[in-house]
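Participant: My structure is below; once you've seen it, I'll send some questions.
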Amino acid sequence: MENIFALILASTVLVMIPGPNVAIIVAKSIQHGFQAGFVATLGTTVGVAAQLALTVFSITALIESAAEALAVLKWLGVVYLIWIGFRTWRSDAKDSGIRLAPSAQANFGHGVLVAVSNPKTLLFNAAFLPQFLTAGEAVAGQLIVFSATYLAVILAGDLLWALFAVSAGPWLRKHARIGQRLTGGLFVAAGVGLALSRRTF
């Protein structure tokens, strides 16, 4: 496990680069506060964990049989994110329907959907974690520890993104229209980012 610190460093750098997961977390945090961002973060983390489980246990046959289903799930996610982005962009800033936070289950589900339906991260995780394996040690055991470490770094980093978004709350509340446009743009960006991720299986 001598490469654990290298993994932590590399994972920290990766979590600083915003993608679809970060986009939806930031959008939820700006629109509905830290609690919504926190729950969405838990959702994206569970989605990533599901992909890591496929990697760790090498369920290649399952990936192949589920490829079409994952592709459909991906495009459903793209359509939903872009739709909610445009709806938020065009809504009246005083619209109580936009200010009303969705349920925790909905925020969690949105996070899971974005994370688990991104095929690009599935291949990336499969290629990323093995780079830190140490010869002579049990591969499965190393991958489990590395996956847990990777998830912990992602969770911490994404929560920092949520806190960063919430810290802009006072300014965004003062400039409601700008905040609304930013939130809508982030939802659309998450959808576009998901759409641009290619199937890799």
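Participant: Among the residues that make up the range 117-129, is at least one of them touching a His at 6+ places or on another chain (Cβ under 8 Å), at pLDDT 70 or above and either under 25 Å from Q35 (Cβ atoms) or among the small types (G, A, S) (or both)?
Facilitator: Taking the range 117-129 and keeping what is touching a His at 6+ places or on another chain (Cβ under 8 Å), we get none.
The answer is no, given that none of the residues of the range 117-129 is touching a His at 6+ places or on another chain (Cβ under 8 Å), at pLDDT 70 or above and either under 25 Å from Q35 (Cβ atoms) or among the small types (G, A, S) (or both).
Participant: Only one of V112, V139, V153, V166 is at pLDDT 85 or above, within 16 Å of L7 (Cβ to Cβ) and among the β-branched types (V, I, T); which? Full working, then the answer.
Facilitator: Values: V112 fails: within 16 Å of L7 (Cβ to Cβ); V139 fails: at pLDDT 85 or above; V166 fails: within 16 Å of L7 (Cβ to Cβ).
From the options V112, V139, V153, V166, the qualifying one is V153.
Participant: Please determine, by comparing only the residues of the range 38-65 that are of a type in the set (A, V, I, L, M, F, W, C) and not in a helix (DSSP H, G or I), which one is modelled with the lowest pLDDT. Lay out the reasoning, then the answer.
Facilitator: Going residue by residue through the range 38-65, those that are of a type in the set (A, V, I, L, M, F, W, C) are 38-40, 42, 46, 48-50, 52-54, 56-57, 59, 61-63.
Cutting the leftovers down to not in a helix (DSSP H, G or I) gives us 57, 59.
Numbers: F57: 71, I59: 44.
Per the stated criteria, the residue is I59.
Participant: Here's another thing I want to ask about it. For the range 1-23, give me each residue that is of a type outside the set (V, I, T) and in a helix (DSSP H, G or I).
Facilitator: First, pick out the residues of the range 1-23 that are of a type outside the set (V, I, T): 1-3, 5-7, 9-11, 14, 16, 18-21, 23.
F5, A6, L7, L9, A10, S11, L14, P20, N21, A23, listed by residue number.
Participant: Could you identify the single residue in R199, R173 that is outside any helix (DSSP H, G or I) and either surrounded by fewer than 16 Cβ atoms within 10 Å (Cβ to Cβ) or modelled with pLDDT under 65 (or both)? Break it down stepwise before answering.
Facilitator: Numbers: R173 fails: outside any helix (DSSP H, G or I).
Result: R199 is the single residue among R199, R173 that is outside any helix (DSSP H, G or I) and either surrounded by fewer than 16 Cβ atoms within 10 Å (Cβ to Cβ) or modelled with pLDDT under 65 (or both).
Participant: One residue is enough: does the range 25-36 have a residue meeting the conditions over 22 Å from R181 (Cα atoms), out of contact with any Leu (no Cβ under 8 Å at 6 or more places or on another chain) and at pLDDT 85 or above? Outline the logic, then answer.
Facilitator: From the range 25-36, those over 22 Å from R181 (Cα atoms) are none; that's our starting set.
No: the range 25-36 contains no residue that is over 22 Å from R181 (Cα atoms), out of contact with any Leu (no Cβ under 8 Å at 6 or more places or on another chain) and at pLDDT 85 or above.
Participant: Please work out which one of (1) over 23 Å from S117 (Cβ atoms); (2) modelled with pLDDT under 85; (3) more than 17 Å from the chain's Cα centre (by Cα) is the condition I8 fails and give its number.
Facilitator: (2)
The values are calculated or read from the model by the stated rules, or taken from the named source; none is laboratory data. All values derive from a computational prediction rather than experimental measurement. In this analysis, Cβ positions are derived from the backbone assuming ideal geometry, glycine residues included, and neighbour counts consider all displayed protein chains.
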